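Visitor: This is the structure I want to talk about, given as structure tokens.
The values are calculated or read from the model by the stated rules, or taken from the named source; none is laboratory data. In this text the structure is predicted, and so the values were computed from the model without any measurement. Note that each Cβ is placed from the backbone with ideal geometry, even for glycine, and that neighbours are counted across all protein chains shown.
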Ligand code: ADP
């Protein structure tokens, strides 16, 4: 059975993690962030070192590692009974992050909606990331050079994923508003389409 999925999409700093955490506490929703999965690794593991190496340069970790790690992590959550795919909708943030990952995950995810958190103001994104660097002690947020590279990676590699899912699935959300207003706008759509996010409904899946 494919996972019924809502994707949170947007540039670094757009607020995917913030919204994902809140949505993830709603019954029958389960939040999973690919960045958090990577950050849970320790540097004494091979993958932990690979992650540090790429993220400190503002680059994506190679797809093969990423998708394997993500699969293992979500399976563990399933086995632990935290994520129940027959009941829960997955709120996914940070993956797929390029076209190759979207294709690799096609057999796993039944993507029912993509919330695109839009922030055209690059300076605002940079400001948010710099504030986060202080708050969360994140290496990849610390230097302007790395931030710039991550925003470029987003433009070149991640943004094309929106076309893969197509306009029928993508919902544009203004991410320059306050967190509560962004949440309100997301929830408004989710509430309206609630029945369609049920894992047993296939209405909004991408036509194959
Ligand atoms: P942000 O959205 O602010 O960039 P994340 O926590 O989602 O932060 O990601 C941090 C870093 O982790 C990325 O810059 C990248 O190096 C790595 N990463 C996260 N998700 C993926 C992914 N799906 N594919 C490849 N690398 C990833």
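Visitor: Residues 123, 116: which one is within 23 Å of residue 59 (Cβ to Cβ), away from the ligand (no atom under 13 Å from the Cβ) and assigned to a helix (DSSP H, G or I)? Step through it out loud before you land on a result.
Guide: Values: 116 fails: assigned to a helix (DSSP H, G or I).
On inspection, the qualifying residue turns out to be 123.
Visitor: Shifting gears a bit: Condition first: touching a helix residue (DSSP H, G or I) at 6+ places or on another chain (Cβ under 9 Å) and within 24 Å of residue 188 (Cα to Cα). Now tell me which residues in segment 85-108 satisfy that.
Guide: Once the filter is applied, which keeps residues that are touching a helix residue (DSSP H, G or I) at 6+ places or on another chain (Cβ under 9 Å) and within 24 Å of residue 188 (Cα to Cα), segment 85-108 yields 85, 89, 90, 91, 92, 93, 94, 95.
Visitor: What is the one condition in (1) within 14 Å of the ligand (Cβ to nearest atom); (2) in contact (Cβ under 8 Å) with a residue 24 or more places away in the chain; (3) crowded, with 18+ Cβ neighbours inside 10 Å that residue 61 does not satisfy?
Guide: That leaves (2) as the condition not met.
Visitor: Condition test on residue 67, is it within 10 Å of the ligand (Cβ to nearest atom), modelled with pLDDT of 95 or more and over 19 Å from residue 146 (Cα atoms)?
Guide: On the way: within 10 Å of the ligand (Cβ to nearest atom): yes; modelled with pLDDT of 95 or more: yes; over 19 Å from residue 146 (Cα atoms): yes.
The answer is yes for residue 67.
Visitor: Name the residues in segment 42-58 that are more than 11 Å from the ligand (Cβ to nearest atom) and either in contact (Cβ under 8 Å) with a residue 60 or more places away in the chain or surrounded by 12 or more Cβ atoms within 10 Å (Cβ to Cβ) (or both), would you?
Guide: 47, 48, 49 - these are the residues of segment 42-58 that are more than 11 Å from the ligand (Cβ to nearest atom) and either in contact (Cβ under 8 Å) with a residue 60 or more places away in the chain or surrounded by 12 or more Cβ atoms within 10 Å (Cβ to Cβ) (or both).
Visitor: Specify the residue that is farthest from residue 87 (Cα to Cα); the eligible residues are those in segment 19-38 that are surrounded by fewer than 17 Cβ atoms within 10 Å (Cβ to Cβ) and within 14 Å of the ligand (Cβ to nearest atom).
Guide: Checked segment 19-38; the qualifying residue farthest from residue 87 (Cα to Cα) is 36.
Visitor: Can you pull out every residue in segment 109-137 that is free of Cβ contacts under 8 Å to residues at least 12 places away in the same chain and touching a helix residue (DSSP H, G or I) at 6+ places or on another chain (Cβ under 7 Å)?
Guide: The answer is 133, and nothing else.
A quick yes/no check of all residues on (1) part of a loop (DSSP other than H, G, I, E, B); (2) within 16 Å of the ligand (Cβ to nearest atom); (3) in contact (Cβ under 8 Å) with a residue 40 or more places away in the chain:
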{"position": "76", "(1), (2), (3)": "no, no, no"}
{"position": "92", "(1), (2), (3)": "no, yes, yes"}
{"position": "97", "(1), (2), (3)": "yes, yes, yes"}
{"position": "102", "(1), (2), (3)": "no, yes, yes"}
{"position": "107", "(1), (2), (3)": "yes, no, yes"}
{"position": "163", "(1), (2), (3)": "no, no, no"}
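Visitor: Count, please, the residues in segment 30-63 that happen to be in a helix (DSSP H, G or I) and under 16 Å from the mean Cα position of the chain (by Cα).
Guide: The qualifying residues number 8.
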